[in-house]
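To start, the structure under review is shown below, and the notes come after it.
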Amino acid sequence: MLTRCLVCFVFAVAIASVDCNSEGDALISWKLKLVDPNGVLQSWDPTLVNPCTWYHVTCNLNNSVTRVDLGNAGLSGPLDPQLGTLANLQYLEVFGNNLTGTIPIAIANLTKLVSLDLYQNQFNGPIPEFLGNLVSLSFLRLNSNKFSGTLPVKVIQLVRYGNLRILNVSDNQLVGTVHRKTTSGFAVTKIIQDPRAQK
């Protein structure tokens, strides 16, 4: 009987470790794509049971990653699609780096995300419409990048129908017009962030 209980306990711990390790694997996958001249990610050790002891990572009581804080860390490289597997992530704070590329569609899986701070980087391409599906967002700061095109209506609707309190897309290469669809007579707001974007 004792052996049977011990086997069940070991099995339960193994399952919990596999889940935590998958989050660690996602973060290690990202680390391997980043240039880290200041050694900020030195504590990200894949041999540890889970990433909860790593610097710049916060976990909940179930040892699941809820926060990644890498603002002003001197990092360069892309966002890794594997970040979309961090099911309990609430804060992705990577502002003030030299991150490049587009926002991967896998970020749409982060349905518990409260804050997405990508400002002051080198991201480019259009602001993805799928960000409008992140209805838990309170803070979406994409300013001071190289985003181009128009701001998707679904993202704007997060302000009206979601929890979004701060939406900052300034200092990009966006163009277009935002229409308020209300009967109260709100004015039309033109978005012209960069004169070069009109050419």
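Summary of values
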item	result
The listed residue being part of a helix (DSSP H, G or I) and of a type outside the set (Val, Ile, Thr), out of Gly132, Gly96	Gly132
Residues satisfying the stated conditions in region 136-162, i.e. part of a strand (DSSP E or B) and open to solvent by less than 10 Å² (accessible area, probe 1.4 Å)	Leu140, Phe147
Count - residues of region 33-69 that are in contact with a strand residue (DSSP E or B) (Cβ under 9 Å, 6 or more places away or on another chain), surrounded by fewer than 16 Cβ atoms within 10 Å (Cβ to Cβ) and under 19 Å from Pro81 (Cβ atoms)	2
Region 132-163: number of residues that are over 18 Å from Val175 (Cα atoms) and not small (Gly, Ala, Ser)	11
Residue match in region 165-172 (condition: open to solvent by 90 Å² or more (accessible area, probe 1.4 Å) and at pLDDT 90 or above)	yes
Condition met for Asn133 (open to solvent by 30 Å² or more (accessible area, probe 1.4 Å), under 15 Å from the mean Cα position of the chain (by Cα) and within 27 Å of Ile28 (Cα to Cα))	yes
Residue within region 77-100 that is open to solvent by less than 50 Å² (accessible area, probe 1.4 Å), among the hydroxyl-bearing types (Ser, Thr, Tyr) and at pLDDT 95 or above present	no
Selection within region 18-66 - outside any loop (DSSP other than H, G, I, E, B) and touching a Gly at 6+ places or on another chain (Cβ under 7 Å)	Val35, Pro51
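The values are calculated or read from the model by the stated rules, or taken from the named source; none is laboratory data. Note that the structure is predicted; figures quoted are calculated from it, not measured. In this analysis, Cβ positions are derived from the backbone assuming ideal geometry, glycine residues included, and neighbour counts consider all displayed protein chains. To get the accessible areas, we keep the full protein, side chains included, count just its heavy atoms, and leave off ligands, DNA and RNA. Shrake-Rupley method; radii C 1.70, N 1.55, O 1.52, S 1.80 Å.
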